[in-house]
1. For Ala356 and Thr313, what is the calculated FRET efficiency with R₀ set at 45 Å and r taken between the beta-carbons, to the nearest 0.05?
2. Relative contact order for the range 351-431: what is it in percent, counting Cα pairs under 8 Å that are at least 6 residues apart?
3. So what's the gap between the Cα centers of the range 248-278 and the range 412-472, to the nearest angstrom?
4. What value, in deg cm²/dmol to 500, does the helix sum -39500 (n - 2.57) over DSSP H runs of n ≥ 4 give at 222 nm once divided by the residues of the chain?
5. Quick one: compute a quarter of the convex hull surface over the Cα atoms of the chain and quote it in nm².
6. Taking every eigenvalue of the Cα gyration tensor of the range 266-352, multiplying by 5 and rooting it, what semi-axes result, largest first, whole Å?
7. For the range 59-187, take the alpha-carbon Rg, divide it by the Kirkwood Rh, and send me Rg/Rh.
8. Calculate, in nm to one decimal, what Ala427 and Val57 gain on full extension: separation in residues at 0.36 nm each, minus their alpha carbon distance.
Amino acid sequence: MSDTGAQQPGKALWHGRFAGAPAAELMAFTASLSFDRELWADDIAGSIAHVNGLAHVGLISIAERDAILAALQTVHHEMADGRFVYVESDEDIHTAVERRVTELAGPAGGKLHTGRSRNDQSATDVRRWMKRELMAVAERVVDLMDVLLQRADAAGGVYLPGYTHMQRAQPVLLAHHLLAHGWALGRDVDRLLDALERIDVSPLGAGALAGSSLPLDPDFTAAALGFAARFENSLDAVGSRDHVAEALFVLALVGVNLSRLGEEFVLWTSDEFAFATLDDAYATGSSMMPQKKNPDIAELARGKAGRLIGDLTGFLATMKGLPLSYNRDYQEDKEPLFDAVRQVSLALSAMAGMLATVTWQPERMQAAADAETTAATDLAEWLVQRGVPFREAHATVGSLVQRHLAGEGSLRELVAADRMLGPDAAALVSPGAAVARRTTPGGAGPAAVAEQLARFRRRVAEWREAVASDVR
Ligand code: ARG
């Protein structure tokens, strides 16, 4: 009979209160097994901790504990080997594991779910999954930063135009440009680590919403699962998903940062720029045009950011207005989360490979950077150093640029002939002069960039340690 508590294959977990079986359409619409199978190892780990917790407070005997633990071990092997047989009534991973444990452990299996709800169970599983997977994402971000560091270090004195408004502005060292992306990614690592602190809380013991009349010990299970703390409020434990939204935001931001890095490589590898050439292994061809070599990784890094933003905004819309505590809407937390982690991970690895193998075209970069007009700011500053108010210096050089663009001569000649500037200033209008003069700490010139490189190297080592030490 059903009221022995033992679950029977083919029946829903909650069949006791129902006279009839669930409709096929209900199962088709509400089942989550197709995607929450991803949580199988975390679900089993959560059950192991829960069962140990039940024995710890005397709710089950040692023999019962051991029977359930042995069954959980078997389920683990079956799932790890892909031998596990799901049945039609397995609406989610939690149901599937419990059903199989009950088959294997006999009556003791019926005690597995004592004092527990799928509400605290699934919330626990997801947090445990997030701790591992987000740390792995953070590690991949550091891997990409490492590539940027290596390429910046090896770039030496190569320089290119820095741009504002996509117009050539002032020359910058290539290393400086690469490290700009590196620092942004470092802040993403900080954000991931920060989010992980809020994720690292165990909801197990909150039950369906209010805790239990049984003498559960949520601190015990939190510690057993390696969580830093247990929940403070049971309604909040099962009724909040802000940690998922926060993770989706950080993942979307990583995606946005990768899209910006990708866009630069789309530009740089174009025939118009030709600042860089992709390695064959990290470029794609055209099915029709034999000459093509396309930057598809960079483009998809750009494109996938849209989907990652969708994962975030879609889930925020799901959360909006939900009353406490658990609502089935929350089942919708998993697909965007799994998708975002997977897509960001793939993008990070592909971008790291592309960046590690790209060949620079320094002559093209430097020829673009050595356009005479990129020395204009330095000419104005040369006058400032001789006491000319900056506004007046700006106007003086501006009118020379205007005459140069009108075809009156090269900027260098016009500067040499100018009453205020003259031949000494004209020396600034020569290849490589402008980048060498950028001396501000944190600026784009050689001495400042050498110092920045050393600082970045130190920070990458710290980030590397932070992502390695936290892996559980
Ligand atoms: N699959 C469900 C989820 O992910 C498990 C919780 C179901 N709880 C319930 N009361 N129906 O949210």
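The values are calculated or read from the model by the stated rules, or taken from the named source; none is laboratory data. The structure presented is a predicted model; accordingly, all values stated were derived computationally and were not measured. Cβ placement follows ideal geometry from the backbone for every residue including glycine, while neighbour counts extend to all protein chains displayed. To get the accessible areas, we keep the full protein, side chains included, count just its heavy atoms, and leave off ligands, DNA and RNA. Shrake-Rupley method; radii C 1.70, N 1.55, O 1.52, S 1.80 Å.
1. Rounded to the nearest 0.05, the efficiency is 0.85.
2. Across the range 351-431, relative contact order equals 29 percent.
3. Value for the Cα centre distance between the two parts: 22 Å.
4. Helix-only estimate at 222 nm: -19500 deg cm²/dmol.
5. Taking the Cα atoms of the chain, their convex hull projects to 29.9 nm² on average.
6. Values for the range 266-352, descending: 39, 12, 11 Å.
7. Rg divided by Rh gives 1.36.
8. So the extension gain works out to 124.9 nm.
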